[in-house]
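Just so it is clear, none of the values below were taken in a lab; they were calculated from the coordinates. Remember, it's a predicted structure, so these values are computed and weren't measured experimentally. Please note: Cβ atoms are built from the backbone with ideal geometry, for glycine as well, and neighbour counts cover all protein chains shown.
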Amino acid sequence: MINFASFYHRIISNLPLDNPLFMKTVYGVLAVSIFIMIICSIFIIYRLKDSKGIVAKIHRMNDSIHEDAMKSIKKNDTTRTFYEHIDLLLARSQVKYYLKFNFWIFLLLTILSFFFGFYLFIDLTNSYVTSFAAGIGIGFLPYVILEVIASFKARELKGQILSLIPIMTNNAKLTNGDVYQMIKRSSQKVKEPMKIYLEEFIDEYDSGLKIEKCFDNLRGKILDYRFTRLVDCLEVHLFKGGNVIVTLGSLQKEYLAREIEEDRRKKENLSNVIGVYLAVISNLVIVYIISRIMPEVIVELKSSSFDKYMLIALINTLLSLFIAFKATKIGTNNK
């Protein structure tokens, strides 16, 4: 029989463990594996959490509203795959359309960003814990940037949503309230990027995708409660009928009445968010300038406690960016 213990020790003894480049490569691969495992764990947790929520909701529903409850659960189901989530984010940020940016390019950029942060800090601190934390932070930057761009694009689309309703109202009169034909005609009258989203909806339906899925995809591409409500109303009228012209008129009056107050509030939120980002960036620039002008300060910091200081500073920076990131998304899709 093969002695696996001796075979294992023979392999280990032949590895160049004294070679710094080899060890950095090993630790880099290990760090990437842990990073990917963390991402997968997060999405698994979300899946389990959503599944429990759905089961609990089903048990609370009685027979008379069971059908409507299942439809509501289906609409609010956020258990998309990682690929679908990123593809939807690329569509929301419009990077998918203007830069031909796809999921695989995003994944490659994320891994490269992680390696960049990891090896940058390993040379600076010689601490694998700090370097791994830095790698995670910088590795998430592409995702954060896409989320921020998507939030800003959602604000730009608000004006198009308000102008879309009168166009749909006119086309509803021409099509006798046919929702699909109304959307198809309206897509020819609006400007980009709204035009892109409506044309995608039409292409998906013409290719054979179920109309419910087409509406769900369209609803998820614009982070604005106005658009979500508009799509919900159109879907209801498609299945249950009714006067879509009256509904569109009511939505237009409601949105115009709330526009002034929401503009004031969003400008205040935006200024606060920009202030946080500028503060974080300014601190990083100041540290860089000091390291160039007075390198002896960095040398002095490289004491036995240097790794701890760097880790604390890095965590504070990541927390500040996370707060700014969450604040950027506030109000984009709330009803």
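Grab the eigenvalues of the alpha-carbon gyration tensor for region 158-261, scale each by 5, take roots, and send me the semi-axes largest first in whole angstrom.
Values: eigenvalues 78, 50, 35 Å².
Gyration-tensor ellipsoid for region 158-261: 20, 16, 13 Å.
Backbone geometry of region 225-231 corresponds, through the Karplus equation with coefficients 6.51, -1.76 and 1.60 at θ = phi - 60°, to 3J(HN,Hα) couplings of 5, 4, 5, 4, 5, 4, 5 Hz, x marking Gly and Pro. Packing, as the average of other Cβ atoms within 10 Å across residues, places the peptides 129-140, 200-211, 237-248 in the order 129-140, 237-248, 200-211, highest first. Full extension of the segment from residue 232 to residue 111, taken as 0.36 nm per residue of separation minus the current Cα-Cα distance, would add 39.8 nm. Compared with the direct C-alpha span, the chain from residue 103 to residue 82 gains 6.6 nm at full extension, assuming 0.36 nm per residue.
Taking every alpha-carbon pair under 8 Å whose residues sit at least 6 apart, region 158-261 reaches a relative contact order of 33 percent.
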